Amino acid sequence: MTSTRSMLMTGNLAAAWGARLGRADYIPAYPITPQTEIIETIAKWVRTGEIDAKLVQMESEHSMLTAAGAASLAGARVFTATSSQGLLYALEMLYNIAGWRAPMVLVNVARALAAPITLEPDHNDILAARDSGFLQFHAETCQEVLDLILLAYRVAEDSSVLLPAIVNLDGFYLSFTREKVDLPSEEDAAAFLPDYKPVNPFSASNPVSKGATVLNGALYSYFKYHMHASSLRARDVFEKASAEFERMFGRSYSPVETFMADDAEIVLVISNSFSTIGKQAVKRLRNRGIQAGLIKLRMLRPFPSSLVARYLSGRRGVAVFDQNISLGFGGIIYSEVLTSLYHRRNRPQLILPVIGGLGGKQITIEEMERIFEATKNELGSESPEPLFLMRSEELERTMNLVKTAKEVHS
Amino acid sequence: MIIRVRFHGRGGQGAKTASRILGTSCFIEGLNVQDSPVYGAERRGAPVTAFTRISDEQILERGYVFDPDLIVVMDPTLLDSPAARVTDGIRKKGVIFLNSPSVTHITKQNIASDFRLVNFDLTNAAMEMLGKPIISSASAAAAARLIGMVKESSLEQAIETELEEIGLSEETIEKNVLLGRKVFSSLEPVELMTEESSRELKIAPLELILEGNGLEDITAAGNSSVSRTGSWRIFKPVVDYEKCTACTVCYAYCPESALTLRQDGKPVIDYDNCKGCLICYRECPPKAITLEREVVAF
């Protein structure tokens, strides 16, 4: 390990550093809150010559991702970032880029989807890209944002994977939040992440067909099965890469992080920035003699089913915190956790669905504690009531706002 | 009782409409019917397949007809197209109808099961009646007659219904009715054996699908050079070099670069790749390009 310096930085700045230490060559960009600061930072570095990259402002996220995928195939290491409506506007290109097997890295700064319009985060934007073929890594801290970008390039570009990746960080809770980040040296980052070597790159004088038309179900299935297998392989590749990362930088990243979970009776499953509050709740409950624990999903695609099953089998109760909602069903991660456990003989008695933090709704430590309590109370229930988090004072304020808005209108 | 009919044609010939006319004519007879086409990106001349299922019971089938009782081959050149797989799955003693003045083409085919062959030159009949090689009504009429369950009046009503639906003029519809009547009266019903055929099922193991590195990709920069689109032609443009003035208009208009220029500036047509769009024929100022019916596959 050579020189490492520590800095206070926002999640957005950490993402920009991920692109910088990852030596991205090409950054197509389009502004959207709360992601814009990433691109502004990179633009500044390009202007001052601190990084040697080409940054191009496009006319939309759709064009931005199209350019990103094409440049990745041409042999550039590509970085770009978006949020929310921007991600959805580009969504059809995500499927294309994955099908092209272009190993670019996209940062999504989570922001809830309209309507109603807001700027604060939940995960319906990033989970809309769940089935696209992009690998997904979700960050809890600004440090993780930076480190997961480097890891994402390593895994995406691995010759047994060749799929693009998204690193997700929560708007505001990480994007504009400053905390200490250890910055690897450029030399160490380069040693961990060697230059990108494209497979069959194309150029103006060497045209190559990518994502050819098949018009045939068997052929289409054949390619989709290959993409699925490649995505599943990414888990092993990630674990190997993170072992090397730990040797070099001293920070350990499993696809699933466990927190006080070894002997826990009730375990909370959670991802992203609110995991921090969940951990604090677990500590407080432990102090009161309650055997609480937490697992944090860091890798969402491929979904680490076997790890989830390993950590949750034999527990009395599990709660799944979904900061998203599939309207007309419930939480998205809930069903994935359930699927991972269903065939286990010693599956938990109860898996409680929890919806919270939609549109960035704040979550207090007490609300996190309540999740454990509710899980305990529902043990033995055949149809547990899903928990929709909202504090009474929040409801009261909300009703007042709605009332005021109606009065102004009439 | 269920009868499965599979139409094989080329884009623009009317295979889809044929399957619908047959479907509607059986529907008028009070039968249960299901018809559907399958084709790629819209492209005149490319292989098109369409299906009509007819039954006196509820039809619990959908999609591709793997084992047809009757195959209607609207363009005999398709018999030589490995992509079209025209005769695949024909049932034992099933019937292949060939749009052709002769049945010599089919003898090239090495088909194990014993099928029966019927032929009629639908294109010629369509040229006489409509002045165009569009054989939707003619093909439907042939199929309707062969299966023997459709009255002539029901066929006529079905032709009118379906051609009105696609917005053809009354005059064109009337001509199509006459064409359908002609084909209908020129053929005789055949007895269709509709015994259940048993298909062996082998599922490809996933390991085999993912053999190798599992990163399969098609990176060839286009494969049109190996696909001989010349077989798509119904008419062949032929240059009369006496009349040709070497004006090169045809060369400028050919959308497929299937025309090259000789030393003297007169065009040479690459028949392997000319799709028969006939733009050269339409644009030629001295009318030095004429048409010939394409009858033989190559």
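The values are calculated or read from the model by the stated rules, or taken from the named source; none is laboratory data. These numbers were taken from a predicted model, which means no experiment stands behind them. Neighbour counts are summed over all protein chains in view; Cβ atoms, including those assigned to glycine, are modelled from backbone coordinates with ideal geometry. What goes into the accessible areas is simple: the full protein's heavy atoms, side chains included, and nothing from ligands, DNA or RNA. Shrake-Rupley method; radii C 1.70, N 1.55, O 1.52, S 1.80 Å.
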Please tell me if A:Asp147 is among the acidic types (Asp, Glu), more than 14 Å from chain B (Cβ to nearest Cβ) and either within 17 Å of A:Gly359 (Cα to Cα) or touching a Lys or Arg at 6+ places or on another chain (Cβ under 8 Å) (or both).
yes
Selected residue (only one of A:Tyr95, A:Tyr89 is more than 20 Å from A:Asp170 (Cα to Cα) and without any contact (Cβ under 8 Å) to a residue 40 or more places away in the chain):
A:Tyr95
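Let's see how each residue does on (1) closer than 14 Å to B:Ser19 by Cα; (2) out of contact with any Gly (no Cβ under 9 Å at 6 or more places or on another chain); (3) open to solvent by less than 50 Å² (accessible area, probe 1.4 Å); (4) touching a residue at least 24 places away in the same chain (Cβ under 8 Å):
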residue	(1), (2), (3), (4)
B:Glu128	no, yes, no, no
B:Pro133	no, no, yes, yes
B:Ser136	yes, no, yes, yes
B:Ala141	yes, no, yes, yes
B:Ala144	yes, no, yes, yes
B:Gly148	no, yes, yes, yes
B:Glu156	no, no, yes, yes
B:Leu163	yes, yes, yes, yes
B:Gly167	no, yes, no, no
Among the candidates B:Val183, B:Val177, B:Val150, residue that is more than 21 Å from the chain's Cα centre (by Cα) and of a type in the set (A, V, I, L, M, F, W, C):
B:Val150
Please go through segment A:92-124 and give me each residue that is closer than 25 Å to A:Asp25 by Cβ, assigned to a helix (DSSP H, G or I) and under 16 Å from the mean Cα position of the chain (by Cα), ordered by number.
A:Leu94
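From the list B:Val249, B:Val238, B:Val268, which residue is touching a residue at least 40 places away in the same chain (Cβ under 8 Å), surrounded by 12 or more Cβ atoms within 10 Å (Cβ to Cβ) and more than 23 Å from B:Pro82 (Cα to Cα)?
Step by step, each of B:Val249, B:Val238, B:Val268 is checked, and only B:Val238 is touching a residue at least 40 places away in the same chain (Cβ under 8 Å), surrounded by 12 or more Cβ atoms within 10 Å (Cβ to Cβ) and more than 23 Å from B:Pro82 (Cα to Cα).
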Can B:Val296 be described as within 14 Å of chain A (Cβ to nearest Cβ) and at pLDDT below 95?
no
Filtered residues of segment B:138-181 (kept if over 18 Å from B:Ala15 (Cα atoms), outside any helix (DSSP H, G or I) and not basic (Lys, Arg)):
B:Gly148, B:Met149, B:Val150, B:Ser169
Tell me, which residue of segment A:209-242 that is open to solvent by less than 50 Å² (accessible area, probe 1.4 Å) and under 14 Å from A:Ala165 (Cα atoms) is nearest to the other protein chains (Cβ to nearest Cβ)?
A:Ser230
Taking A:Ala114, is it farther than 30 Å from A:Pro201 by Cα and either without any contact (Cβ under 8 Å) to a residue 40 or more places away in the chain or touching a helix residue (DSSP H, G or I) at 6+ places or on another chain (Cβ under 7 Å) (or both)?
yes
Test for B:Val95: is it open to solvent by less than 50 Å² (accessible area, probe 1.4 Å), farther than 30 Å from B:Asp272 by Cα, modelled with pLDDT under 95 and of a type in the set (Val, Ile, Thr)
yes
How many residues of segment B:241-298 are assigned to a loop (DSSP other than H, G, I, E, B) and closer than 19 Å to B:Ser231 by Cβ? The answer is 19
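Yes or no, residue by residue, for (1) modelled with pLDDT of 95 or more; (2) of a type in the set (Val, Ile, Thr); (3) open to solvent by 10 Å² or more (accessible area, probe 1.4 Å):
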residue	(1), (2), (3)
A:Ala68	yes, no, no
A:Thr80	yes, yes, no
A:Ser83	yes, no, no
A:Met93	yes, no, yes
A:Val105	yes, yes, no
A:Thr118	yes, yes, yes
A:Asn124	yes, no, yes
Count of residues meeting criterion [among the small types (Gly, Ala, Ser), crowded, with 24+ Cβ neighbours inside 10 Å and in contact with a helix residue (DSSP H, G or I) (Cβ under 7 Å, 6 or more places away or on another chain)] in segment A:133-155
1
Flag for A:Ala114 being under 18 Å from A:Arg23 (Cα atoms) and of a type in the set (A, V, I, L, M, F, W, C):
no
Does segment B:18-38 contain at least one residue that is open to solvent by 30 Å² or more (accessible area, probe 1.4 Å) and within 14 Å of chain A (Cβ to nearest Cβ)?
yes
If you go through segment A:191-208, how many residues are more than 8 Å from chain B (Cβ to nearest Cβ), aliphatic (A, V, I, L, M) and over 23 Å from A:Ala152 (Cβ atoms)?
1
Where in segment A:175-278 are there strands (runs of 3 or more DSSP E), lying fully within it, with 3 or more residues that are hydrophobic (A, V, I, L, M, F, W, C)?
A:266-271
Could you tell me whether A:Ser159 is more than 29 Å from A:Ser313 (Cα to Cα) and assigned to a loop (DSSP other than H, G, I, E, B)?
yes
Search result, residues across segment A:75-122 that are of a type in the set (Val, Ile, Thr) and under 15 Å from A:Ile38 (Cα atoms)
A:Val78, A:Thr80, A:Thr82, A:Val105, A:Val107, A:Val109
Only one of these conditions is not met by A:Ser159: (1) within 14 Å of chain B (Cβ to nearest Cβ); (2) in contact (Cβ under 8 Å) with a residue 60 or more places away in the chain. Which number is it?
(2)
Candidate set from segment A:389-404 (those that are under 30 Å from the mean Cα position of the chain (by Cα) and part of a helix (DSSP H, G or I)); member that is farthest from A:Val318 (Cα to Cα):
A:Thr398
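Restricting segment B:65-98 to residues that are in contact (Cβ under 8 Å) with a residue 12 or more places away in the chain and on the phi > 0 side of the Ramachandran plot, which is farthest from the chain's Cα centre (by Cα)? So that I can check it myself, show each step before the final result.
Taking segment B:65-98 as the starting set, the residues that turn out to be in contact (Cβ under 8 Å) with a residue 12 or more places away in the chain are B:65-81, B:83-84, B:86-98.
Imposing the further condition that a residue be on the phi > 0 side of the Ramachandran plot reduces the set to B:89, B:93.
Working: B:Gly89: 18, B:Lys93: 22 Å.
So, considering only residues that are in contact (Cβ under 8 Å) with a residue 12 or more places away in the chain and on the phi > 0 side of the Ramachandran plot, the one farthest from the chain's Cα centre (by Cα) is B:Lys93.
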